[in-house]
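Accompanying notes for the structure given below.
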Amino acid sequence: TKYKEGLQKTRKSFSERVNDLVARYRSVDEDFFEDLEEILIAADVGVSTVMDLIDELKMEVKRRNIKDTNEVKQVISEKLVEIYHGEEDEEVAELNLQEDDVTVVLFVGVNGVGKTTTIGKLAHQLQEDGKKVLLAAGDTFRAGAIEQLNEWGNRVGVDTIKHSEGSDPSAVIYDGIQAARSRKADVLLCDTAGRLQNKVNLMNELSKVKRVIEREVPNGPHEVLLVLDATTGQNALSQAKTFADATDVSGIALTKLDGTAKGGIVLAIRNELGIPVKYVGLGERVEDLQTFDPQAFVYGLFA
Ligand code: GDP
């Protein structure tokens, strides 16, 4: 139901158009598939993902000998879930939480995508699950970033480890790890600067931060979550490629899905980058962060 609400815009444009298509066509022919292709591309599913999907659909329709366009609707949702999962039949991608050590989660992403908000929301969610959480204000570059993270921390009742603006991000993360250990925190959520304008700086900074974590925490960082803004559509996809080149991204948090009619971007990201979407943002409130569930998502599109 969270998905149903949050995906209202996408659902309206997508499922209404699919319903209309199904009503217009009597038989499942080449024109039907062409129109469907257009609808999927308009929902930002991404051209190559759409091609894969249409091929799969055609095969399945043939295999099951489907003639009725209404029946195709069911196959579309099945195939959308399948295309998300890819070859592996994985379940919902969970956060890689450590049993007997602090779990270190690094957040990366450009400014304005909703990184701070997502950290705050996730801190809240983890606390609700009984985890002790600490934040590290590793974006020492953008003016106001430290204070903004600190405010989110206060709001959800979590401490923030911070230095002054302009200081070395890896020193902040180092302190965050020490503090997490001494306070027996379960999870340390680390913010980082999102300056994509200079790819070399970004890479250097991220690799330095990662080195510090690797040195202090065995197997750390346990997650590198890339935050992307769904309303930026295909631009989010190219950001993802840049970050995936700069560092090992283990998962994606896709924000502002409630603000776009192009929720299909989730499928494009998964299919074209092979990185699982772990969280989706479906609103501005603290409870509006959801663990991404492909099946619930696709059903949310058609509900
Ligand atoms: P940052 O610069 O990446 O840290 O971005 P912020 O966390 O400051 O978020 C930028 C804006 O996006 C804020 O106004 C947030 O309230 C808003 N925002 C973040 N996530 C979501 C979401 O899932 N849905 C909506 N509608 N707004 C969001």
* To do: Filter the stretch 206-225 down to the residues that are within 16 Å of the ligand (Cβ to nearest atom) and either at pLDDT below 90 or not β-branched (Val, Ile, Thr) (or both), then identify the one that is surrounded by the fewest Cβ atoms within 10 Å (Cβ to Cβ).
  => Leu206
* To do: List every residue pair whose Cβ atoms sit under 8 Å apart, with the two residues 6 or more apart in sequence or on different chains, where the first one lies in the stretch 139-158 and is among the basic types (Lys, Arg) and the second, anywhere, is within 11 Å of the ligand (Cβ to nearest atom).
  => Arg142/Asn111; Arg142/Ala193; Arg142/Gly194; Arg155/Gly120; Arg155/Val286
* Only listed residue being under 25 Å from Leu282 (Cα atoms) and exposed (fewer than 15 other Cβ atoms within 10 Å of the Cβ), chosen from Val47, Val105 -> Val47
* Asked: Applying the selection to the stretch 92-145, what residues are under 18 Å from His163 (Cβ atoms), within 16 Å of the ligand (Cβ to nearest atom) and β-branched (Val, Ile, Thr)?
  -> Thr116, Ile119, Thr140
* Structure fact -> Out of (1) touching a strand residue (DSSP E or B) at 6+ places or on another chain (Cβ under 6 Å); (2) outside any loop (DSSP other than H, G, I, E, B), the one Val209 does not meet is (1)
* Asked: Looking at Arg215, is it basic (Lys, Arg) and free of Cβ contacts under 8 Å to residues at least 40 places away in the same chain?
  -> yes
* Asked: Looking at Leu189, is it modelled with pLDDT of 95 or more, within 16 Å of the ligand (Cβ to nearest atom) and under 19 Å from Val102 (Cα atoms)?
  -> yes
* Structure fact -> Checking Thr116, Thr140, Thr160 in turn, the sole residue that is in contact with a strand residue (DSSP E or B) (Cβ under 7 Å, 6 or more places away or on another chain) and farther than 30 Å from Met59 by Cβ turns out to be Thr160
* Asked: So, of the residues in the stretch 226-265 that are among the acidic types (Asp, Glu) and in a helix (DSSP H, G or I), which turns out to be nearest to the ligand (Cβ to nearest atom)?
  -> Asp258
* Could you give me the residue pairs with C-beta distances under 7 Å whose first residue belongs to the stretch 264-286 and is closer than 18 Å to Thr118 by Cα and buried (at least 24 other Cβ atoms within 10 Å of the Cβ), whose second residue is aromatic (Phe, Trp, Tyr) and at pLDDT below 90 wherever it lies, and which are 6+ apart or on separate chains? => Val266/Phe297
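The values are calculated or read from the model by the stated rules, or taken from the named source; none is laboratory data. Computed from a predicted structure; not experimentally measured. Every residue, glycine among them, receives a Cβ derived from its backbone with ideal geometry; neighbour counts consider all protein chains shown.
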